[in-house]
Protein chains: 2
Amino acid sequence: MKGEIITIGNELLSGLVTDTNSTFIAERLSSFGIEPLYITTVGDDESRIGQSLKAAVLRADVIVVTGGLGPTPDDITSKAIAKALEKRLVLFPEALDQIEIKLKKRGIKLGPGSERQALLPKGSTIIKNPVGTAPGYKISQDGKFIFVLPGVPKEMKVMIDQGVLPILGEESKQKIFVAKKVLKVFGLTESQVYERVKNISYNKKLMQVGFLPVFPENFITITARVEDSMESAEGLVRGVEEKMRGVLGERVFGEDDETLEMVVAGMLITKGLKLAVSESCSGGLLSKRLTDLPGSSTYFERGVVSYSNEAKSSLIGVDQTLIQTKGAVSADVAEAMAMGIKRGAKTDIGVSITGIAGPSGGTEEKPVGTVFIALAFNEDRSSNHKKEEIVISQGYAFPGDRESIRLISSEMALEWIRRYLLGGKIAEVGERWRATEAVDI
Amino acid sequence: MKGEIITIGNELLSGLVTDTNSTFIAERLSSFGIEPLYITTVGDDESRIGQSLKAAVLRADVIVVTGGLGPTPDDITSKAIAKALEKRLVLFPEALDQIEIKLKKRGIKLGPGSERQALLPKGSTIIKNPVGTAPGYKISQDGKFIFVLPGVPKEMKVMIDQGVLPILGEESKQKIFVAKKVLKVFGLTESQVYERVKNISYNKKLMQVGFLPVFPENFITITARVEDSMESAEGLVRGVEEKMRGVLGERVFGEDDETLEMVVAGMLITKGLKLAVSESCSGGLLSKRLTDLPGSSTYFERGVVSYSNEAKSSLIGVDQTLIQTKGAVSADVAEAMAMGIKRGAKTDIGVSITGIAGPSGGTEEKPVGTVFIALAFNEDRSSNHKKEEIVISQGYAFPGDRESIRLISSEMALEWIRRYLLGGKIAEVGERWRATEAVDI
């Protein structure tokens with residue numbers, strides 16, 4: 001089954017608002033086994049709405065239209081649809097009743113706009129709107145299903161899940177089972193990822209593999225669409241996933257909706273470890289990412305944004321002489337920061353970032369993008385069963401503008417923590433940006 | 001002139017990625033006087049890319065295509081375009097050279113994928129990509145301009161501004177002058193904004209006024225399109241803008257691309273003041289926003305993410321007894337945090353946030369969303385010409401989920417700084433979320 005999405009609204013064509021409705025609908029349709037082939041966005045214009053719908057009816061089996069069902073005069077979607085399908089607009093008393101109930105709850109009376117909202121193409125089946133006033137509806141044409149929903153995302157989303165998908169489930173005879181997996185990689189370029197996995201074979205008739213750079217990460221998407229069963233679709237995806245994980249190893253940091261901070265948080269919680277953060281050029285971004293998640297106080301003890309040299313010494317005990325001789329952006333200061341925050345916070349791990357995010361502040365020796373990461377932790381020395389404090393650091397030359405440098409710095413620090421918690425191979429992390437000798441772990 | 005946008009990528013049709021490119025392009029084209037009529041999104045499919053392009057050539061004068069110019073085999077945009085326009089793909093040595101230079105900088109050799117990236121439809125004019133490797137290009141068909149750009153937003157944006165718009169500026173004969181202004185408001189709802197400005201009249205034939213909530217802010221957009229001159233368009237916009245500023249007063253914190261942090265940073269720099277930040281539930285977001293801007297070390301001295309109670313006392317000297325008796329989330333602790341960070345950092349201003357971002361940690365007395373903001377500063381007492389330390393605080397009950405609460409907390413703290421630097425009216429800030437008595441400034 002082929003799908004198509006039409007989103008309607010002048011605000012989408014002026015660049016003021018990003019169309020997120022079609023992302024949601026595309027995800028739901030494709031998870032249901034309906035492959036969206038086109039997304040079309042048009043303004044509140046009768047002729048262009050009509051033309052888009054006519055083209056969609058020729059190409060797709062299921063069409064979802066959103067937007068332009070409100071009570072104001074610029075809401076003309078139903079009129080345009082009726083005209084394109086050569087149907088009359090008729091008043092649906094059931095729709096009007098629902099609008100009246102909703103308005104009453106808010107202490108508002110039925111107005112002329114509301115009556116226009118209850119005028120739907122003849123033959124429509126109403127789809128209830130549990131959130132707002134505008135009713136949605138289903139209408140069939142040439143054996144194709146057209147679903148028309150309001151553009152307010154909160155309303156549209158509920159109506160897709162509670163209205164559209166159940167109807168499609170009943171109507172569809174031929175079932176398609178879709179399994180999907182996204183593998184997330186950090187530290188390799190898109191080409192490097194591709195080169196490593198390109199010889200992995202898969203059934204190209206039933207499966208798709210895609211590569212997507214989402215700075216500073218790269219995603220691999222594996223999709224299978226089969227007719228027999230979900231188990232079969234999942235099995236195909238799992239087969240390819242395992243081979244890819246085999247060649248990519250620890251480069252794969254997560255899958256599907258997982259973020260790097262989520263993975264790191266999960267590992268810290270499982271191992272019962274706490275960390276503290278000291279950052280300069282990233283200005284709080286690393287702390288922010290580590291505390292984005294509910295329950296972050298379990299593993300996050302404190303963060304210090306030691307922007308000034310004075311802050312570095314008074315808050316985390318970095319020696320001012322060290323800063324003067326080596327520079328605030330140096331391996332030595334990064335190590336002192338990681339060690340200092342770890343000791344001050346009495347945590348298991350201390351991590352630090354110091355660098356030059358630019359656009360100014362760079363020198364010939366240390367240009368913009370120069371960033372040092374350091375990690376301090378305890379290691380069991382089996383010889384005497386005593387814990388020893390270890391600190392490691394690495395200098396990088398990151399590309400891009402201030403925002404990119406700050407983002408990749410925080411990403412790199414998170415990746416260091418992940419690799420450390422995995423028990424190794426920090427040396428292989430981000431080798432292409434390495435500016436100093438590789439760390440020995 | 002009519003515009004059309006085609007975005008290409010399987011990830012856009014599977015719901016994995018939201019198409020933000022078309023938002024940006026639509027904004028730029030419409031600011032330039034080119035009205036985008038359709039946005040079409042298709043997957044990496046030769047026939048559908050071709051069909052979309054053919055339809056666009058029939059309907060529009062300027063067509064912008066993005067995506068599918070990468071080095072991997074699923075990048076087939078150029079091939080599809082060449083086929084649709086019945087042109088041959090030829091190797092552009094200039095394009096290959098540019099790719100080679102870029103790769104060399106990163107220490108990567110030219111691969112077979114790179115050569116495919118340099119195969120462009122015959123007759124194309126290259127549009128330089130100052131950010132990444134994939135070259136863009138312009139190609140003409142039936143007097144229409146087709147611009148093909150990579151899908152990576154950072155690359156595409158620069159290429160639109162530095163490549164596409166200058167070419168359009170040279171080629172266009174009929175001039176339309178478009179002036180735009182966005183006014184940004186924090187602390188009022190969309191309806192409250194509308195109620196205040198609805199009686200301001202403007203020429204509805206030449207002008208548009210729009211209202212757009214962008215959580216936690218509200219934008220008002222004022223647009224004028226005229227044929228005579230840019231001065232005339234700007235004059236119309238200025239007239240409406242001034243009336244709106246008249247009724248909204250200090251509620252308008254910025255305009256156009258200005259962010260609240262930018263405005264605050266500008267004021268701090270102008271006044272030669274430094275600040276330091278202590279935050280708990282916002283986890284570094286306030287520090288991050290204050291250091292997003294180049295040159296932030298001029299005004300930002302340090303930040304502390306005092307997540308644990310121990311961090312609050314050891315880093316900023318908050319009394320443990322105070323935390324035990326009043327609670328970490330309280331006006332007293334917020335004030336102690338603001339004062340403590342100000343004194344420790346020896347800055348002019350100290351600002352703090354302590355609250356419950358949820359989803360857990362709420363109590364009946366202090367539910368999720370309870371947040372205290374405090375501001376410490378020096379005030380000249382004219383009686384004895386001595387500076388006195390002042391600290392003020394306010395409790396709020398913010399709505400929404402963890403992400404919303406963290407965002408609105410950082411926004412509110414920034415707004416406090418802005419209002420303080422403006423010389424007053426912190427009392428009127430965010431009154432609808434107020435949970436404790438209004439501060440007396």
Regression test value, accessible area per residue of chain B, probe 1.4 Å, units Å², expected 42 Å²
Candidates B:LYS79, B:LYS386, B:LYS154; GNM for chain B (alpha-carbon contacts under 10 Å) flags as most fluctuating B:LYS386
Toy charge model, Lys and Arg Cβ at +1, Asp and Glu Cβ at -1: segment A:17-94 dipole around Cα centroid in debye, rounded to 20, equals 280 debye
Relative contact order in percent for segment A:267-433 (Cα pairs under 8 Å, 6+ apart) equals 22 percent
Inter-chain shielding metric for B:291-299, i.e. average beta-carbon neighbours from other chains within 10 angstrom, reads 5
Between A:ASP44 and residues 5 or more places away or on another chain, the pairs with built amide H atoms under 5 Å apart involve A:GLY9, A:ASN10
Kirkwood-based Rg/Rh on the Cα set of the protein assembly as shown evaluates to 0.97
Expected vector for segment A:249-259, Karplus 3J(HN,Hα) from phi with 6.51, -1.76, 1.60 and θ = phi - 60°, integer Hz, x for Gly and Pro, equals x, 5, 5, 6, 9, x, 9, 6, 7, 5, 9
Distance in Å, no decimals, from the C-alpha centre of segment A:8-38 to the one of segment B:75-123 is 30 Å
Per residue of B:104-114, other chain Cβ atoms within 10 Å number on average 2
Scalar couplings 3J(HN,Hα) for segment A:211-222 by Karplus 6.51 cos²θ - 1.76 cosθ + 1.60 (θ = phi - 60°), nearest whole Hz, x for Gly and Pro, are 10, 9, x, 10, 3, x, 10, 10, 9, 10, 10, 10
Rounded to the nearest 5, the percent of antiparallel DSSP beta bridges in the protein assembly as shown equals 65 percent
Toy charge model, Lys and Arg Cβ at +1, Asp and Glu Cβ at -1: chain A dipole around Cα centroid in debye, rounded to 20, equals 920 debye
Per-residue ellipticity at 222 nm attributable to helices in the protein assembly as shown (runs of n ≥ 4 DSSP H, -39500 (n - 2.57) apiece, nearest 500 deg cm²/dmol) works out to -11000 deg cm²/dmol
In cubic angstrom per residue, the convex hull of segment B:66-147 built on its Cα atoms measures 86 Å³
Mean Cβ-within-10 Å packing, highest first, puts peptides B:217-226, A:189-198 in the order B:217-226, A:189-198
Reduced to Cα centres, the span from segment A:201-222 to segment B:39-53 in Å works out to 19 Å
Most packed first (mean Cβ within 10 Å per residue), the peptides B:359-366, A:414-421 order as A:414-421, B:359-366
Taking Cα pairs closer than 8 Å and at least 6 residues apart, the relative contact order of chain A in percent is 10 percent
Two pseudo-spin positions, 7 Å from Cα along C-beta at A:ARG432 and at B:THR436, lie apart in nanometres by 5.1 nm
Sorted by chain and then number, the residues having a modelled amide H within less than 5 Å of the amide H of A:LYS274, at least 5 places away or on another chain, are A:ASP348, A:ILE349
Rounded to one decimal in nm, the spacing of the 7 Å Cα→Cβ label points at A:GLN162 and A:ASN203 is 3.8 nm
Taking max minus min of the Cα coordinates of segment A:2-171 on each principal axis, largest first, gives extents in Å of 42, 36, 31
Dividing the surface of the Cα convex hull of segment A:29-71 by four yields a projected area in nm² of 3.6 nm²
Length-normalised contact order of segment A:2-171, Cα under 8 Å, at least 6 apart, in percent, tallies to 23 percent
Taking protein heavy atoms only, a 1.4 Å probe, and rounding to whole percent, the accessible area of the protein assembly as shown owed to carbon and sulfur comes out at 51 percent
Karplus-derived 3J(HN,Hα) from phi for segment A:175-185 (6.51 cos²θ - 1.76 cosθ + 1.60, θ = phi - 60°), whole Hz, x at Gly and Pro, runs 8, 10, 10, 10, 10, 9, 8, 10, 9, 10, 10
Checked against the positive end of the charge dipole of segment B:214-263 (+1 on Cβ of Lys and Arg, -1 on Cβ of Asp and Glu, about the Cα centre), the farthest of B:GLY246, B:MET262, B:VAL214 is B:GLY246
For B:257-263, A:352-358, B:373-379, ranked highest to lowest by mean beta-carbon neighbours within 10 Å, the order is A:352-358, B:373-379, B:257-263
Note: B vs A interface, total accessible area buried (1.4 Å probe; ligands, DNA, RNA excluded), nearest 100 Å², is 5300 Å²
Residues whose built amide H sits under 5 Å from the amide H of B:ASP319, excluding neighbours closer than 5 in sequence, are none
Per residue of A:305-316, other chain Cβ atoms within 10 Å number on average 6
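The values are calculated or read from the model by the stated rules, or taken from the named source; none is laboratory data. Since we're looking at a predicted model, the values are computed, not measured. Reconstructed Cβ throughout: ideal geometry from the backbone, glycine too, with neighbour counts over all protein chains shown. Calculation scope for accessible area: heavy atoms of the full protein, side chains included, ligands and nucleic acids excluded. Shrake-Rupley method; radii C 1.70, N 1.55, O 1.52, S 1.80 Å.
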